[in-house]
Structures are given as structure tokens and as C-alpha cells.
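Worksheet: one structure, shown below.
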Amino acid sequence: MFDIPSTLTITELTQYIRELFASDSRLGDVWVTGEVSNMRRAASGHCYFTLKDGGAELKCVLFRTDAQRQTAIPRDGDSIMAHGSIQVYVANGVYQLYVDRVRPVGVGDLYLQFEQLKQKLASEGLFDEERKRPLPLFPHKIGIVTSADAAAFQDVQNVLRRRYPLVEVILAPTLVQGADAPPKIVAALKALNQRDDLDAILVCRGGGSIEDLWAFNDERVARAIVASKVPVVSGVGHETDFTIADFAADLRAPTPSAAAELLTPDSYELRQRVLRYRRDLDDIISTLVGEKRRDLEDIDRTLKRASPAAQIRAYQQRLDDWNTRMIAAQRGRLAILRERLLSKQSALVSASPQAILNRGYAMVRRAADQSRVNAAADLRSNESIILQFHDGERKATSNSS
Amino acid sequence: MTNLTELTFEAAYNELEQIIAQLDSGELSLDDSVALFERGRQLATHCQSLLDNAELRVTQISVDG
């Protein structure tokens with residue numbers, strides 16, 4: 001009997017190794033440095049290359065989607081830092097670095113320097129919010145520290161011309177890139193600070209690589225910004241770039257143009273506001289004049305009410321009134337009198353002898369002297385009398401009783 | 001009151017704002033209000049003409065070092 005050893009297939013073994021690699025956290029997140037060789041970019045967009053140093057080689061893959069995110073694709077001979085994970089490619093039985101980030105060598109050092117300087121200056125309180133000074137609302141003169149030939153300076157001037165051409169610009173030209181730049185920037189800031197007519201200073205530079213912007217990560221520059229008598233606005237690089245100068249400045253703008261905007265009011269807006277104030281003035285004064293006119297009218301009415309003319313008119317009216325009433329009263333009394341007179345008259349008429357005769361009575365008089373006989377006893381016998389009726393007289397003789 | 005033509009935009013604008021506020025408070029005599037109104041109109045005109053006629057001035061200084 002043969003002793004048959006247990007075997008694995010190649011696939012099984014390779015998969016086992018792959019699992020071993022995958023379970024190692026160190027291999028899953030690693031930075032390596034080396035020189036690029038055998039760079040090959042496939043039609044798919046994936047990049048394949050080898051990283052090597054004096055002693056060993058490492059196969060690397062940079063997939064298309066990761067390659068697109070890099071600022072620069074490594075070329076043969078480049079010294080780079082690559083980040084990624086070490087995995088086993090089962091089909092070929094090789095392990096390789098699956099790269100997701102690439103940086104030129106040296107940048108890592110810069111990054112470290114940047115962080116260290118930032119921490120140092122922050123711990124000194126140079127970046128404290130309480131240190132930040134407010135910007136003037138209406139700057140008269142602003143100093144600009146930048147390169148005179150740079151597009152950034154043109155951008156700034158364009159913004160200022162459009163937004164607030166009332167401002168005067170004093171340019172302190174400087175290098176903005178390279179090892180000589182920091183002292184030049186410091187000198188420019190100092191020159192501007194020797195003046196006493198500036199309201200603010202703008203330190204700016206257009207976009208570029210991290211090395212291009214490095215002058216603004218210089219300690220001397222940061223300290224010169226902090227030492228400035230007037231507030232400093234920084235506008236260095238693009239929105240995503242943060243420099244030490246930005247932290248030191250009183251205000252950080254994402255770009256040079258944005259810095260110019262933050263530093264100045266918008267003259268269009270100002271114009272609108274002046275127009276509105278003009279309208280406000282007109283409104284206020286016309287309201288005021290209207291009020292005063294109404295007050296005057298009120299006073300006029302009060303005066304008219306209080307004037308003697310009105311009183312005299314009132315008395316006159318009262319007199320007229322009394323007069324009318326007197327006349328009316330008099331008329332009434334006269335009418336009553338007339339009425340009474342008429343009734344007396346009719347009473348008188350009904351009481352007259354003629355009226356009595358008319359009712360069938362007769363009056364007796366002596367024929368001799370016409371004297372009236374009021375009683376039978378007054379008459380003697382055979383005395384001649386006259387009987388007066390309502391329509392005439394008749395003679396008669398009285399008999400004895 | 002300062003002569004209008006010598007006023008900077010800032011000074012004229014600020015004075016204009018103050019005048020509006022004073023007039024708004026409504027505690028002034030008619031004479032004072034009318035005087036402020038006149039001044040305010042002049043300031044507004046001055047502000048507008050400053051903006052109309054402004055041209056960005058750029059001076060370059062020399063930097064030693």
C-alpha cells in the first residue's frame with residue numbers, strides 16, 4: 001500500500017493564500033515608496049506598473065476609476081508614494097498592490113511639515129478667532145501682495161472694477177512661488193505696513209500644485225500676516241487649497257477673486273440702497289407736509305369756531321329767533337282777542353231788545369212820554385200805551401185789572 | 001456740515017443713513033425736517049455721482065528685499 005498524501009488543487013492553495021493576505025490588516029492599508037517602471041496603460045484605462053527599490057519589486061495596479069482621481073499618472077522613473085492594499089491575483093498566482101492614491105515622493109514630507117507648522121502656530125494662538133479683525137465696510141485703499149503679471153492680479157482688478165471702483169489699489173509686487181518667495185512676500189507686507197493709509201491688505205495667488213503654493217505655508221509669511229497693522233484677507237489657490245497663510249489671515253477667501261469680493265461692498269447694491277433712501281426721503285417729507293397741512297386745517301377750524309364773528313352770528317341768529325317767536329306769540333294773542341271780541345259781539349247781539357222782540361215778545365211804553373212800563377202795577381186804567389213788536393207799533397189802552 | 005464735494009462715499013452714505021433715521025424718528029420741527037431732506041437729497045446725488053464716475057486706480061510700489 002502506498003501512503004497517498006492529501007493534496008490541494010492550485011486554485012485551493014492560491015485561494016487559501018489570498019484569504020491569508022486579505023485577513024491581514026497591515027496589508028489592507030499600506031503606503032509604499034519606490035520607483036516606477038514598466039508603466040503600461042491598457043485600453044481599458046487601467047494602469048499596470050512595477051514599483052522597485054534596490055532590493056525588491058512590487059507589481060502594482062491602478063484601476064481606471066482610481067487613475068482618474070489622481071492629479072498625475074506616474075511615469076517610468078518617477079519616485080512615488082503609493083497607497084492601497086496588497087491582494088493576491090489568483091489567476092496568475094501573484095500578489096500585487098491595488099493602488100488608490102499616488103503622490104510624488106517628498107510631498108509626504110511637505111504634508112508633515114504643514115501639519116507641524118499649523119499645530120505650532122495654532123498653539124501660539126495665531127489662528128485664534130478672537131485675533132481676527134473685522135474688515136472695513138467701505139475700504140478706501142487696499143494693498144495687494146501678489147505677482148504683478150499673474151492672472152490672479154488681473155482677476156482681482158476685474159472684480160474691484162466691477163464691484164467697487166471707488167477703492168484705490170496699492171500693489172506691492174512679489175514672487176509667489178519658489179524658495180525666494182517667502183522673504184519677498186514678507187517684504188511686500190512690510191512695505192505696505194509702512195504706510196498708514198491702507199484699510200486692508202489682500203494676499204493672493206492663483207491656483208497651482210501643492211509645491212507651487214508652498215510659499216504660503218511658510219512660517220515667516222504667517223507671522224508677517226499676523227503682524228500686519230491692517231486686516232489681511234488671503235486668497236490662495238483654489239477652494240480646496242488651505243495654506244498656513246489662510247489660517248493666519250483675518251479672513252480666508254477660497255480664491256483671489258473671492259477675496260476681492262469679500263473685501264468690497266457691491267456698488268450695484270449700494271446704488272440700489274441710495275435710490276431707496278432717496279425714495280424714503282421723498283416719502284417721509286410728503287407724509288410730513290401732509291400731516292402739517294392737516295394740522296393747519298384743524299387749527300383753522302378751531303379758530304373759526306372760537307372767533308367773535310361766529311359768536312355774533314350766533315347772537316344774531318338767537319335775536320332773529322326771538323323776534324320770530326315774539327311775532328308769532330303776538331299774532332296768537334291778537335287772534336285770541338279777536339276771537340273773544342267776536343263771541344262778545346254775538347252775545348251782545350243775542351241780548352239786544354230787537355232780538356228779544358224777534359222771539360215774539362213785545363215792549364210797553366206810555367204813549368204820553370214814551371217811558372217804558374216794566375210792571376203791570378205801574379199802569380193806571382185807561383192809560384194810552386204803545387205796544388212795540390219786532391215789526392212795528394200798535395196803540396192800545398190798558399183795562400183795569 | 002462738511003462741503004458735499006469733499007465727502008467720501010462712505011461719509012456721504014453714512015450721513016444719508018443717519019438723516020433717514022432722524023427723519024424716521026419724527027421728532028423734528030418742520031424746518032429741521034425740510035433742511036435734512038434737502039441735505040439728504042444732495043447726499044444721495046453725491047453718492048450716485050461718485051459711483052458713476054469712479055475708476056479703479058492702481059499704483060505699484062517698489063519693495064526692497
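Data for the structure
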item: All positions within region A:164-196 that are at the interface with another protein chain (Cβ under 10 Å from one of its Cβ atoms), farther than 12 Å from A:Trp214 by Cβ and in a helix (DSSP H, G or I); result: A:Pro183, A:Lys184, A:Val186, A:Ala187, A:Ala188, A:Leu189, A:Lys190, A:Ala191, A:Leu192
item: Members of region A:235-266 that are in contact (Cβ under 8 Å) with a residue 40 or more places away in the chain and part of a helix (DSSP H, G or I); result: A:Ile244, A:Ala245, A:Phe247, A:Ala248, A:Pro256, A:Ser257, A:Ala259, A:Ala260, A:Glu261, A:Leu262, A:Leu263
item: Residue satisfying condition, being of a type outside the set (D, E, K, R), open to solvent by less than 50 Å² (accessible area, probe 1.4 Å) and on the phi > 0 side of the Ramachandran plot, within set A:Gly360, A:Gly392, A:Gly332; result: A:Gly392
item: Pick from region B:9-65, criterion assigned to a loop (DSSP other than H, G, I, E, B) and not small (Gly, Ala, Ser), ranking: farthest from the other protein chains (Cβ to nearest Cβ); result: B:Glu27
item: Subset of region A:86-138 [basic (Lys, Arg) and touching a strand residue (DSSP E or B) at 6+ places or on another chain (Cβ under 9 Å)]; result: A:Arg101, A:Arg103, A:Lys132, A:Arg133
item: A:Ile86 assigned to a strand (DSSP E or B), in contact with a helix residue (DSSP H, G or I) (Cβ under 8 Å, 6 or more places away or on another chain), among the β-branched types (Val, Ile, Thr) and surrounded by 14 or more Cβ atoms within 10 Å (Cβ to Cβ); result: yes
item: Selection within region A:211-241 - surrounded by fewer than 22 Cβ atoms within 10 Å (Cβ to Cβ) and in contact with a Pro (Cβ under 6 Å, 6 or more places away or on another chain); result: A:Asp218, A:Arg220, A:Glu239
item: Candidates A:Ala172, A:Ala188, A:Ala248 - the one that is in contact with a strand residue (DSSP E or B) (Cβ under 7 Å, 6 or more places away or on another chain), within 20 Å of A:Ala258 (Cα to Cα) and buried (at least 21 other Cβ atoms within 10 Å of the Cβ); result: A:Ala172
item: Failed item in (1) open to solvent by less than 80 Å² (accessible area, probe 1.4 Å); (2) part of a helix (DSSP H, G or I), with A:Gln96 passing the rest; result: (2)
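Let's see how each residue does on (1) among the charged types (D, E, K, R); (2) in contact with an Asp or Glu (Cβ under 8 Å, 6 or more places away or on another chain); (3) more than 30 Å from B:Ile19 (Cβ to Cβ); (4) not in a helix (DSSP H, G or I):
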residue: A:Ile284; (1), (2), (3), (4): no, yes, no, no
residue: A:Val289; (1), (2), (3), (4): no, no, no, no
residue: A:Arg293; (1), (2), (3), (4): yes, no, no, no
residue: A:Ala309; (1), (2), (3), (4): no, no, yes, no
residue: A:Arg313; (1), (2), (3), (4): yes, no, yes, no
residue: A:Gln317; (1), (2), (3), (4): no, no, yes, no
residue: A:Ala329; (1), (2), (3), (4): no, no, yes, no
residue: A:Leu334; (1), (2), (3), (4): no, no, yes, no
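The values are calculated or read from the model by the stated rules, or taken from the named source; none is laboratory data. For clarity, every value in this text was computed on a predicted model and none was experimentally measured. With ideal geometry, Cβ positions are generated from the backbone for all residues, glycine too; neighbour counts draw on all protein chains shown. Areas reflect the complete protein model, heavy atoms only, side chains present, ligands, DNA and RNA absent. Shrake-Rupley method; radii C 1.70, N 1.55, O 1.52, S 1.80 Å.
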